[in-house]
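Values in this text are rule-based calculations from the coordinates and carry no lab data. Predicted, not measured: the structure shown is a model, and the values here were computed from it. In this analysis, Cβ positions are derived from the backbone assuming ideal geometry, glycine residues included, and neighbour counts consider all displayed protein chains.
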Amino acid sequence: MTTVFATPDGLLAAVGAELGSSEWVTIEQDRIDGFADATGDHQWIHVDPEAAAAGPFATTIAHGYLTLALTNRFLPEIIRVDGVSMGINYGVNKVRFPQPVAVGSRIRGHATLTSAEEIGGGVQAVITITVEIEGSTKPACIVESVSRFLR
């Protein structure tokens, strides 16, 4: 379920709030291979199932940056801010990859509004997104995503 704010100003009063979770996404080898093609990162741990089977994870794993990139898919499922002229992905403050995502795993994002402050023309929000792996207690990625919601 999406958390909806009627205006950017609503973010200012909601700091610390858990915003919810996205839908689960299955990480298939085709997605990993496509990311490898887009970035030029064809390391065997990602794209060679035979070699990866003998490696440390016994299977291929998603690129950390693929996992990070999927937070842009998760965020609109978790939060919507109405009354804006535009929303801008302003960057990230911190990213960590505590655990790799094995091919076939299902992941989702869970978000908390970490901070919000008035900026010229809108509100800047830091949303901490934890990428969860179904069935695991350790997350795949934790990112402090910075968004600007302009009036």
Could you tell me the distance between the Cα centroids of segment 13-49 and segment 52-109, to the nearest Å? 5 Å
Which distance in nm do the two modelled labels at Ala6 and Arg151 give, with both placed 7 Å along the Cα-to-Cβ direction? 1.5 nm
Exposure proxy order (Cβ contacts within 10 Å, fewest to most) of Thr26, Thr112: Thr26, Thr112
Would you calculate, for the chain, the mean residue ellipticity at 222 nm contributed by helices, counting each DSSP H stretch of 4 or more residues as -39,500 (n - 2.57) and dividing by all residues, to the nearest 500? -6000 deg cm²/dmol
Contact order normalised by length for segment 3-150, with contacts defined as Cα pairs under 8 Å and 6 or more residues apart; what percent is it? 31 percent
Taking placed amide H atoms and a strict 5 Å upper bound, the residues 5 or more places from Ala116 or on another chain that come that close are Val126
Of the options Trp24, Ser115, Thr39, report the single residue whose Cα projects farthest towards the positive end of the charge dipole of segment 1-129 (beta-carbon charges: Lys, Arg +1; Asp, Glu -1). Ser115
Charges only on Cβ, +1 for Lys and Arg, -1 for Asp and Glu: so what's the dipole of the chain about the Cα centre, in debye to the nearest 20? 320 debye
Full-stretch length increase - Glu134, Ile119 - with 0.36 nm per residue and alpha-carbon distance subtracted: 1.7 nm
Extension gain (nm, one decimal) between Glu18 and Arg73, 0.36 nm per residue minus Cα-Cα: 18.0 nm
Note, segment 108-120: 3J(HN,Hα) by Karplus (6.51, -1.76, 1.60, θ = phi - 60°), whole Hz, Gly/Pro = x, goes 8, x, 10, 10, 10, 7, 7, 7, 8, 9, 5, 10, x
Sorted peptide list for 62-70, 27-35, criterion being average Cβ within 10 angstrom, highest first: 62-70, 27-35
Ranked highest first by average number of other Cβ atoms within 10 Å, how do 53-60, 139-146, 9-16 line up? 139-146, 9-16, 53-60
